[in-house]
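Scroll down for the structure; my scribbles are underneath it.
The values are calculated or read from the model by the stated rules, or taken from the named source; none is laboratory data. In this text, all values refer to a predicted model and were calculated from it rather than measured experimentally. Every residue, glycine among them, receives a Cβ derived from its backbone with ideal geometry; neighbour counts consider all protein chains shown.
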Amino acid sequence: MQIFHTIKEVKLYVDEKKQLGHKIGFVPTMGALHQGHISLIETSKKQTDITICSIFVNPTQFNNADDLKHYPRTPDNDIQMLQNAKCDVLYMPEVNDIYPNNEILNFDFGIIGNILEGEHRPGHFNGVGQVVSILLKGIQPHKAFFGSKDYQPVMIVKELIKQQNIPVEIFSCPILREADGLAMSSRNKRLTNEERKVASLIPIMMKKAADLVREKGVTYAKLYIDEQIQQQPLMKLDYYEICDTESLNTLHDIYNKQAISLIAVFVGAVRLIDNLEI
């Protein structure tokens, strides 16, 4: 695996491979890799000739300075995992390579940028738009792969490439879960043992709530989630919503609709997200 630290090096490599007719796959990450990330690498390797992974903890998408400070960083382990997965290229830039002029771009993603994560993490999606735009335009892959745990961010990325006319196919890959059902996340590394046990209740609650949506309706499901989380001193609900899968409009019933439940919950100081199609 080749490791590059500047976008110039990556461009030269990609241009050379494209001249040979190779298809380029790209997996953007913020590091602290887990098997969910590796599954994206594996999917890319099946669909493309060359797989590039980036590791960059993007400061512009953190609306909480403490969250940025404590975001887990495990570069040595990340490199080993990528080598084991036979990733072709790792791009590990410094901030000044991504933002050489400290230029701040502003995006308008419409309604999907202002609800759920957009509402609860002001400025987050603008930061996502900045870094993804820079990475996709710099690397110019044929395909890019994201995990569907980040359901709303993937919708934001799709809107971004539409607005900026970036020629890349976006693939949303299935959520990988731990043995107890908790969605794999780099932030799980920050949980204490006790918090980790409590976090495992999230997928259990979501499955029960999904059953309640079907049996009794959206209101009952939301009340159930509120009640369950209030019983857990280590938990604090940020939001739980039932939304249309295409627009993310909030639903009050699911009759003849494609619906998805989305949750953000604090376990201790760690904010976790998850989703479940209904």
Answer from Leu40, Leu33 - the residue that is out of contact with any helix residue (DSSP H, G or I) (no Cβ under 9 Å at 6 or more places or on another chain), crowded, with 21+ Cβ neighbours inside 10 Å, among the aliphatic types (A, V, I, L, M) and not in a strand (DSSP E or B): Leu40
Residues satisfying the stated conditions in segment 129-151, i.e. over 14 Å from Val27 (Cβ atoms) and crowded, with 23+ Cβ neighbours inside 10 Å: Gly129, Tyr151
Count - residues of segment 59-81 that are hydroxyl-bearing (Ser, Thr, Tyr) and not in a helix (DSSP H, G or I): 2
Test: residue in segment 245-258 that is in contact with a helix residue (DSSP H, G or I) (Cβ under 7 Å, 6 or more places away or on another chain), surrounded by 15 or more Cβ atoms within 10 Å (Cβ to Cβ), hydrophobic (A, V, I, L, M, F, W, C) and not in a loop (DSSP other than H, G, I, E, B): no
Scan of segment 98-149 for residues that are in contact with a Gly (Cβ under 8 Å, 6 or more places away or on another chain) and part of a loop (DSSP other than H, G, I, E, B), ordered by number: Leu105, Phe107, Phe109, Pro141, His142, Lys149
Some residue of segment 212-223 being part of a helix (DSSP H, G or I) and within 21 Å of Met184 (Cα to Cα): no
Some residue of segment 91-103 being farther than 18 Å from Gly31 by Cβ and of a type in the set (A, V, I, L, M): no
Subset of segment 259-278 (residues that are at pLDDT 95 or above and not in a strand (DSSP E or B)): Gly268, Ala269
Some residue of segment 107-128 being in contact with a strand residue (DSSP E or B) (Cβ under 6 Å, 6 or more places away or on another chain), touching a residue at least 40 places away in the same chain (Cβ under 8 Å), within 18 Å of Ile50 (Cβ to Cβ) and not charged (D, E, K, R): no
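Yes or no, residue by residue, for (1) aliphatic (A, V, I, L, M); (2) surrounded by 14 or more Cβ atoms within 10 Å (Cβ to Cβ):
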{"position": "Leu191", "(1), (2)": "yes, yes"}
{"position": "Glu195", "(1), (2)": "no, yes"}
{"position": "Ser200", "(1), (2)": "no, yes"}
{"position": "Pro203", "(1), (2)": "no, yes"}
{"position": "Ala209", "(1), (2)": "yes, yes"}
{"position": "Val213", "(1), (2)": "yes, yes"}
{"position": "Lys216", "(1), (2)": "no, no"}
{"position": "Tyr224", "(1), (2)": "no, yes"}
{"position": "Gln230", "(1), (2)": "no, no"}
